[in-house]
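For reference, the structure discussed in these notes is given below.
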Amino acid sequence: MVNIDKFAGMNRITPTADGSNTLYNEEIGEHYHSKHGALQESLHVFIKAGLEHTAGCFPDRQIKVLEVGFGTGLNFLLSAAWCLERNLSLSYVSLEAYPLRGKELESTGYNAYIPDSLWQSTTLNYGKAMQQTSEIAAGIQLRILHTHLHRYDSPERFDLLYYDAFSVQHQPEMWTDEIIAHACQFLKPGGIFVTYAITGKLKRALQGIGFHIEKLPGAPGKREMLRATKLS
């Protein structure tokens, strides 16, 4: 099992405007979530605009999610809770170049937003999930890969891509046309790309590789966000 406590403690806990916490990554120089509300942002962008929408597009089947940026685990926890409530299966693969230590994950207080059993199982299996696919709950599988996106390769194809990298100001290499195309190749036809960000460059990059673009209202603090569908 991966020793998650070996990772350097580069993060400090920070409250956000909706009362939920985030962490500040001192190496990157940015918070993992919006200061306007970590919980609100994750629910708005990744659950409502991403997971709920995708479940409607691919009914009666396991939902397969690829996430760029596991971070504090909030997107996974809310996704798992949403699927458990609806008796849906979830296969969740997340890429994380800067994994949190177990104690940092536990310090977030996100247990307040999900069932106790899901929180306990996730924190207990966090290190194991970085070594192999782990059954977090009935029908809920998690795999966290300690790697950079450009090094990721897999024959597996996904229904939904959560693109939750740090912002272009702090991680410009995560928003190039090339890296967006690399990430999107892992989506199935009809698969959904969702992110908190929206720029002309990002829209053009996705359109150039065959995606239909939607501009949606953004989470608190952002006017708009982006959702895109892979046409073929």
### Message
I'd like to check something: does region 169-176 contain any residue that is touching a Gly at 6+ places or on another chain (Cβ under 9 Å), farther than 21 Å from ILE13 by Cα and assigned to a helix (DSSP H, G or I)?
### Response
yes
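Tally time: how many residues in region 217-232 are among the charged types (D, E, K, R) and in a strand (DSSP E or B)? Write out each step before concluding.
To start, the set of residues in region 217-232 that are among the charged types (D, E, K, R) comprises 222-224, 227, 230.
With the extra rule that they be in a strand (DSSP E or B), the set shrinks to 224, 227, 230.
Residues meeting the conditions: 3.
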### Query
Does GLY73 meet the test of being surrounded by fewer than 19 Cβ atoms within 10 Å (Cβ to Cβ) and either farther than 23 Å from GLN40 by Cα or modelled with pLDDT of 95 or more (or both)?
no
### Task
Quick one: in region 41-92, of everything that is closer than 24 Å to SER121 by Cα and polar (S, T, N, Q), which residue is nearest to the chain's Cα centre (by Cα)?
ASN75
### Query
Do we have any residue at all in region 90-99 that's of a type in the set (A, V, I, L, M, F, W, C) and in a helix (DSSP H, G or I)?
no
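If we only count strands (runs of 3 or more DSSP E) wholly inside region 1-68, which ones have 1 or more residues that are closer than 30 Å to GLU156 by Cα and modelled with pLDDT of 95 or more?
On the way: elements: 11-15, 21-25, 63-68.
Here the list reads 63-68.
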### Query
Of the conditions (1) without any contact (Cβ under 8 Å) to a residue 40 or more places away in the chain; (2) exposed (fewer than 15 other Cβ atoms within 10 Å of the Cβ), HIS31 fails just one. Which one is it?
(2)
### Task
Note down all Cβ pairs under 6 Å where the first residue falls in region 127-138 and is charged (D, E, K, R), the second is modelled with pLDDT under 95, and they're at least six residues apart or on different chains.
LYS128/MET1
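If you take the residues of region 191-216 that are outside any strand (DSSP E or B) and of a type in the set (Gly, Ala, Ser), which of them is nearest to TYR162 (Cα to Cα)? Write out each step before concluding.
Keep residues of region 191-216 that are outside any strand (DSSP E or B), which gives 196-210.
Remaining after also requiring of a type in the set (Gly, Ala, Ser): 197, 200, 205, 208, 210.
Working: ALA197: 11, GLY200: 19, ALA205: 17, GLY208: 19, GLY210: 18 Å.
Only one residue fits best here, namely ALA197.
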### Query
So is ARG143 closer than 27 Å to LEU88 by Cα, of a type in the set (Lys, Arg), in contact with a Gly (Cβ under 8 Å, 6 or more places away or on another chain) and touching a residue at least 24 places away in the same chain (Cβ under 8 Å) or not?
no
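Does region 206-216 contain at least one residue that is out of contact with any Phe, Trp or Tyr (no Cβ under 6 Å at 6 or more places or on another chain), of a type outside the set (S, T, N, Q) and closer than 16 Å to LEU43 by Cα?
Restricting attention to region 206-216, the residues satisfying the condition of being out of contact with any Phe, Trp or Tyr (no Cβ under 6 Å at 6 or more places or on another chain) are 206-216.
Of the ones still in play, those that are also of a type outside the set (S, T, N, Q) are 206, 208-216.
Checking which are closer than 16 Å to LEU43 by Cα leaves us with 216.
Scanning region 206-216 turns up at least one residue that is out of contact with any Phe, Trp or Tyr (no Cβ under 6 Å at 6 or more places or on another chain), of a type outside the set (S, T, N, Q) and closer than 16 Å to LEU43 by Cα.
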### Task
Note down all Cβ pairs under 6 Å where the first residue falls in region 148-166 and is without any contact (Cβ under 8 Å) to a residue 12 or more places away in the chain, the second is surrounded by 15 or more Cβ atoms within 10 Å (Cβ to Cβ) and outside any loop (DSSP other than H, G, I, E, B), and they're at least six residues apart or on different chains.
none
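Could you please find all residues in region 144-188 being among the charged types (D, E, K, R) and surrounded by 17 or more Cβ atoms within 10 Å (Cβ to Cβ)?
Applying the first criterion (among the charged types (D, E, K, R)) to region 144-188 yields 151, 153, 156-157, 159, 164, 173, 177-178, 188.
Listed by number, the residues that qualify are ASP159, ASP164.
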### Summary
Expected single match for out of contact with any strand residue (DSSP E or B) (no Cβ under 8 Å at 6 or more places or on another chain), hydroxyl-bearing (Ser, Thr, Tyr), under 25 Å from SER34 (Cβ atoms) and in contact (Cβ under 8 Å) with a residue 12 or more places away in the chain among THR199, THR229 is THR199
### Message
Suppose we filter region 110-139 for residues that are surrounded by fewer than 15 Cβ atoms within 10 Å (Cβ to Cβ) and of a type outside the set (D, E, K, R); how many remain?
### Response
8
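The values are calculated or read from the model by the stated rules, or taken from the named source; none is laboratory data. Please read these numbers as outputs of a predicted model, since none were measured by experiment. No Cβ is skipped: glycine too gets one built from the backbone with ideal geometry, and neighbour counts run over all protein chains shown.
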